[in-house]
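The values are calculated or read from the model by the stated rules, or taken from the named source; none is laboratory data. Owing to the predicted nature of the structure, the values given are computational and were not obtained by experimental measurement. Methodologically, a virtual Cβ is constructed for each residue, glycine included, from the backbone with ideal geometry; neighbour enumeration extends over all protein chains shown. Side chains included, ligands, DNA and RNA excluded: accessible areas come from the protein's heavy atoms. Shrake-Rupley method; radii C 1.70, N 1.55, O 1.52, S 1.80 Å.
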Amino acid sequence: MSDATLKLFNSLSRSLEPFDPVHAGEARVYTCGPTVYNYPHIGNMRAYVFADILGRTLSWKGYKLTHVINITDVGHLTDDADEGEDKMEKMAAERAQSIWDIAKHYTQAYWDDIKSLNIREPAHWSIATDYIEEMLDFAKSIAEKHCYECETGLYFDTTSIEDYGRLARAVTEDGAEENRGRIDTVEGKRNAADFAIWRKTPAGEKRQMEWDSPWGKGAPGWHLECSVMGEKLLGFPFDIHTGGIDHREIHHPNEIAQNQAFCGCGGLREATNSGARMWMHNNFLVERSGKMSKSAGEFLRLQLLVDKGYHPLAYRMMCLQAHYRSELEFSWEGLTAALTRLKRVVMQVERWKAKQQERHGPDWHTDSWEYNPKTRDPVERFAAAISDDLNTAEALTAFDEVLALKKIDPDCVLSAVSHIDNVLGLNLDNLTRTDLRIRPKGAQLTEAEVEDAIARRKSARAEKDFATSDAIRDDLANKGVELMDGDPLGWEWKLD
Ligand code: AMP
Ligand code: ZN
């Protein structure tokens, strides 16, 4: 472990700050989870890879981590600023299915992606509809001082607390701050930025998900959920709240406003008044055509990548190659490059494992990297990079140095690899070259058939029978398999 101080970028202060836990030796982190009305797209999953790297880093630094990720199964409207329909209701109506079935199906799909990306399970997956009573209690406690009722629901008066929207402030080039304006179309709202705490079921209608409340039958607002689950499971103030960068504009400012109201706190110069010490946001994964969206019909799912022959961890590697605060553009070429890098790493690790077996037999294990200056230096560089606001791109470079070491006991290298992979989460203790060779859905040949053809081609070449050798190569090419003579990775063939 390294002593480098962990510095993280706090969106609330817009600056790097040392991590200074609220409870000594602990780290309590809340991550806004998915709205389970559809499959997550790979952009959404970037948010959880980021939260996972953060959690792993905190654990690696020796903090006892309590991580919460929520599952939103009610309340998230098609527009974050209280416009439109409930995403869950809309999908259920389109599919003629119950909301509960929709939620169950897509929650499982999300968990499958979490597992495929080797994202660690949080201490709690908090499901919004399990916290309705707590949401009502929270809402009741702030209603009188901070809310007002109108026909469509109970609204939070954003002028009732100090510094509303500080998190979302845009800093102009000359350094002046401005609050982003928003459009007000809900009738009866006093201020454009006011938002629903409770949405009433319109008279004469029945919703699939509705509960009794002092303001009539209805459902909670999306922002309320996260305030309540954060407070219940982690207590205010907790250490770090995370989400995608879009949440910095509406969802998190609204959560913060509720938290201030609930705690009876003052302004946000004191960060803990926001309910958390730090607010961290990952930037977007974008497509060349613009922002990725799962509401727009066609979208990129992790399963699509697998169907095309990419191991899910190649996507994780792609995320790690960029800083979480930089926009990352998705392209198949970029993903291919990330897969190649992962293959290279796995092959290097396999080589070290083979050397270790040669030397010590199969069951040998030691934690020896710390005692060797050759491994200590690059591991320190790795630690410094990751401590510098989770600079995974630079950390990977330091990791490459570990793998490329020469004239050193393989134990030292492999224990350094395990140590580092606790943060990177590339599953390098288990991942093999074979795992990375995923057959795309459309592949015509099995792996064994390809290997067999390659063996036949090799013997033809050994006998200088180039006609047969070329015929085999052409036949493979027709079936979508490209042979890579002299491939430096030693992969030998790939599927187009
Ligand atoms: P949602 O299910 O829409 O609530 O989004 C789940 C998480 O993904 C949130 O933290 C979003 O901010 C984040 N997110 C949405 N789109 C992207 C994207 N293209 N790239 C990275 N994160 C995203
Ligand atoms: Zn949230």
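Key figures for this structure:
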| quantity | calculated |
| --- | --- |
| Computed E for LYS464/THR336 - FRET, C-beta separation, R0 41 angstrom, nearest 0.05 | 0.75 |
| Check: segment 389-445 dipole with +1 on Lys, Arg Cβ and -1 on Asp, Glu Cβ, in debye | 520 debye |
| Estimated distance in nm for a label pair at HIS23 and ARG269, the labels positioned 7 Å out from Cα along Cα-to-Cβ | 3.0 nm |
| Overall dimensions of the chain by Cα: Rg and Dmax, Å | 26.1, 90 |
| The chain, relative contact order [Cα under 8 Å, separation at least 6], % | 16 percent |
| Probe 1.4 Å, protein heavy atoms only - accessible area per residue of segment 214-328 in square angstrom | 32 Å² |
| Sites GLU134 and SER59 - FRET efficiency at Förster radius 30 Å, r taken between beta-carbons, to 0.05 | 0.60 |
| Radius of gyration and maximum dimension Dmax of segment 48-109, Cα, Å | 16.4, 49 |
| Sparsely packed GluC sites (Glu not before Pro) within segment 297-359, loop by DSSP, other Cβ within 10 Å at most 15 | GLU298, GLU327 |
| Amide H contacts under 5 Å for ASN70, placed H, 5+ residues apart | THR31, GLY33, SER126 |
| Degrees separating the helix 392-403 axis from the principal Cα axis of the chain, which is the longest one | 30 degrees |
| Sites VAL286 and GLU370 - FRET efficiency at Förster radius 45 Å, r taken between beta-carbons, to 0.05 | 0.65 |
| Counting DSSP beta bridges with both ends in the chain, the antiparallel % (nearest 5) | 50 percent |
| log10 of Debye I(q)/I(0), alpha-carbon scatterers only, for segment 415-496 at 0.12, 0.13, 0.20 Å⁻¹ | -0.48, -0.54, -0.91 |
| Accessible heavy-atom area order of PHE262, PHE9, highest first, probe of 1.4 Å | PHE262, PHE9 |
| Phi to ³J(HN,Hα) by Karplus 6.51 cos²θ - 1.76 cosθ + 1.60 over segment 189-201, Hz, x for Gly, Pro | 6, 7, 10, 3, 7, 4, 9, 6, 8, 9, 9, 6, 5 |
| ³J(HN,Hα) computed for each position of segment 129-138 - Karplus, 6.51 cos²θ - 1.76 cosθ + 1.60, integer Hz, glycine/proline x | 5, 7, 10, 4, 4, 5, 5, 5, 4, 4 |
| Accessible surface, 1.4 Å probe, highest first, among residues TYR371, TYR30 | TYR371, TYR30 |
| Percent carbon-and-sulfur accessible area, the chain, ignoring ligands, DNA and RNA, probe 1.4 Å | 46 percent |
| With DNA, RNA and ligands ignored, accessible area of THR201 (1.4 Å probe; Å², nearest 10) | 20 Å² |
| Probe 1.4 Å - accessible area at LYS104, Å² to nearest ten | 150 Å² |
| Over 26 Å (Cα to Cα) - which of LYS291/LYS343; LYS90/LYS145; LYS87/LYS200; LYS115/LYS355; LYS61/LYS104; LYS90/LYS217 fall in this group | LYS291/LYS343; LYS90/LYS145; LYS115/LYS355; LYS61/LYS104 |
| Solvent-accessible area of CYS412 with every protein chain in place, 1.4 Å probe, in Å² to the nearest 10 | 10 Å² |
| Long-range amide H partners of TRP198 with built H, under 5 Å | LEU154, GLY221 |
| Mean ellipticity per residue at 222 nm, deg cm²/dmol - from DSSP H runs of n ≥ 4 across the chain, formula -39500 (n - 2.57) | -13500 deg cm²/dmol |
